[in-house]
Amino acid sequence: MKWIKNNHKKVIKGSVLTLALGLAFATQAEDASAHGYIKEPASRSYTGSLMKQQLGYNEALSIYGLAINAPQAVEGPKGFPAAGPADGQIASAGGGLGQIDLKLDQQNDSIWSKQDMTGGVNTFTWNYTAAHATSKWHYYITKADWNPNDPLERSDFELIGTVEHDGSAASNNLSHDINVPTDRSGYHVILGVWDVADTPNAFYQVIDVNLQNGNVEEDTQAPTAPTNVNAENVTSNQVQLAWTAATDNVGVSKYEIYRDGNKVGTTTTTTYTDKDVTANTKYEYTIKAYDVAGNVSETSNALSVTTDKVVENDTQAPTAPTNLHTMTVTDSLVELMWTASEDNVAVTSYEIYRDGKQIGTTSNTMFKDTTVSEGTSYSYTVRAVDAADNVSNASDKLEVTTEEAADNGNGNDNGNDNGNDNGNLPTWNANDVYVAGDQVTYNGLQYEAKWWVRNVKPDTMNGWKLLSTNASLDWNANTVYTSGMVVDYNGTKYEAKWYTQGDTPGQSDVWKKVK
């Protein structure tokens, strides 16, 4: 690992602050709630949680926002770079599904603490507070000619590594060796994306680094071939492989797995599970190693494996589901999620129990209970079922209390009309959960939610966009503004050039006058 732990400098309101990211702070970050963050090298959100120790709570909050309390909650839609968070909101994942704000999206060459790093293989280690089933991790770095003083956009990044996963828990793959480019130096941003397998979301972590690349000699030496390829576990529907690591003069970056001469997978570890196999069938596996310069090793020894026959008279039950937790709780909804069970053949479904009685069945690892009452406590468990109807033991119990329903007192029609059809829209309520596309009225104006949001006033524009036309909004120091938003200030209209909060129009370069 080439990341250098040293003292880092950060410019904050004109002063220079020295931050030591040592082991003394590493154990003090808050691990409550879901779901995960890059701990080493420390991501921007995790650094914010550590900064509470250096700066004090209020100062850290003013810079990093709510991420100081939940570095693991930077969650947004997956699909990056084609989809995912909007340009200008990549660092916050669009507000972390309403759990954090957009302060992480502030971007210039001096605001964030930078960690010294040299190019080549660097190890990125995640800390998981809920180890979801995972499809892959992918890593990006800003291009050589990026502008560090502009908001982060998709076009600023290029892919530097992908770690495929088999759908099992993320905790099976904590650290990833990623080849960081050696053709650029100075301030750059590395983005790590963790794609959850059984939800539409991913977790986004940006890392601010100072690349220190000198003259790097061309690497032409290939790694040694992987050795001792063996099958650790073979069933009728999977083959789990393991091997002895290859060695290299610089560093091995990945392994490619071949089945009968055809590439079937890639991994940065020395294990791989092939789940695309047929029962009672013979296969031959080989492995090749690659280094950071793209040099490829000789092929490993070949391993012949025959999968088991289909299990008849299957009497083995699946393992109990683990990590049962809530994703959403309102006055009328409890959304549950858990880590998948394992079985000698295959898990086909899950049974959901509330207060000891079965209330539903699903083939996924998520379930929405929409039959709950407000202000009521419930106890949930989940059991796994396989194709032979073997049922697992129950998961650990999860106690949940729904919220009290809000009482608006005067209904949803506020009677205001600003040239928009607001009559059929509900009035915003702090206790309601809104998702992307939901529309409300607030102080006579119409707003639309941009992502999951709760208890955030629409006029703060954090997670909301204004739909009302011909509406005049006065500038407010507490409101979040993003690129293109227009405000009135002292009789003049100003348009935000990028993310801003608290910068006064006419006194900051972030604002430009609207002609």
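So that you can scan it fast, the table gives a plain yes or no per residue for (1) among the β-branched types (V, I, T); (2) farther than 20 Å from G502 by Cβ; (3) buried (at least 23 other Cβ atoms within 10 Å of the Cβ); (4) modelled with pLDDT under 90:
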residue	(1), (2), (3), (4)
L66	no, no, no, yes
V74	yes, yes, yes, no
A82	no, yes, no, yes
G88	no, no, no, no
A91	no, no, yes, no
Q99	no, yes, no, yes
D105	no, no, yes, no
W112	no, no, yes, no
Inset, instruction - Enumerate the pairs (first residue in segment 52-63 and outside the structural domain of W112 (by TED's automatic domain parsing) and in a loop (DSSP other than H, G, I, E, B); second residue anywhere and of a type outside the set (G, A, S) and modelled with pLDDT of 80 or more) with beta-carbon separation below 6 Å, excluding pairs fewer than 6 apart on the same chain, so at least 6 apart or on different chains. - result: none
Inset, instruction - Being under 16 Å from the mean Cα position of the chain (by Cα) and in contact (Cβ under 8 Å) with a residue 60 or more places away in the chain is the filter; apply it to segment 169-188 and report the residue that is surrounded by the fewest Cβ atoms within 10 Å (Cβ to Cβ). - result: A169
Inset, instruction - Kindly indicate the residue of segment 246-289 that is of a type in the set (A, V, I, L, M, F, W, C) and without any contact (Cβ under 8 Å) to a residue 40 or more places away in the chain and also surrounded by the fewest Cβ atoms within 10 Å (Cβ to Cβ) among those meeting that condition. - result: V264
Legend entry - In segment 337-366, residue nearest to A169 (Cα to Cα) [restricted to those that are hydrophobic (A, V, I, L, M, F, W, C) and at pLDDT below 90]: A340
Legend entry - Of all residues making up segment 487-512, the number that are under 21 Å from G88 (Cα atoms), at pLDDT 75 or above and either loosely packed, with under 14 Cβ neighbours inside 10 Å or not aliphatic (A, V, I, L, M) (or both): 9
Inset, instruction - For segment 159-266, please list each of the strands (runs of 3 or more DSSP E) lying entirely inside it that holds at least 3 residues being closer than 25 Å to L104 by Cβ and of a type in the set (A, V, I, L, M, F, W, C). - result: 186-196, 201-211
Inset, instruction - Confirm whether V163 is among the aliphatic types (A, V, I, L, M), within 18 Å of G36 (Cβ to Cβ) and either assigned by TED's automatic domain parsing to the domain that holds W338 or surrounded by 16 or more Cβ atoms within 10 Å (Cβ to Cβ) (or both). - result: yes
Legend entry - When residues of segment 33-64 are limited to those that are hydroxyl-bearing (S, T, Y) and crowded, with 22+ Cβ neighbours inside 10 Å, the one nearest to F157 (Cα to Cα): S43
Legend entry - Subset of segment 384-401 (residues that are surrounded by 20 or more Cβ atoms within 10 Å (Cβ to Cβ) and either of a type in the set (K, R) or not in a strand (DSSP E or B) (or both)): S392, S395
Inset, instruction - Kindly establish whether D145 is surrounded by 20 or more Cβ atoms within 10 Å (Cβ to Cβ), among the acidic types (D, E) and part of a loop (DSSP other than H, G, I, E, B). - result: no
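The values are calculated or read from the model by the stated rules, or taken from the named source; none is laboratory data. It should be emphasised that the depicted structure is a prediction, and the values quoted were computed from it without experimental measurement. Because the Cβ atoms are built from the backbone with ideal geometry, glycine has one as well, and the counts that use them run over all protein chains shown.
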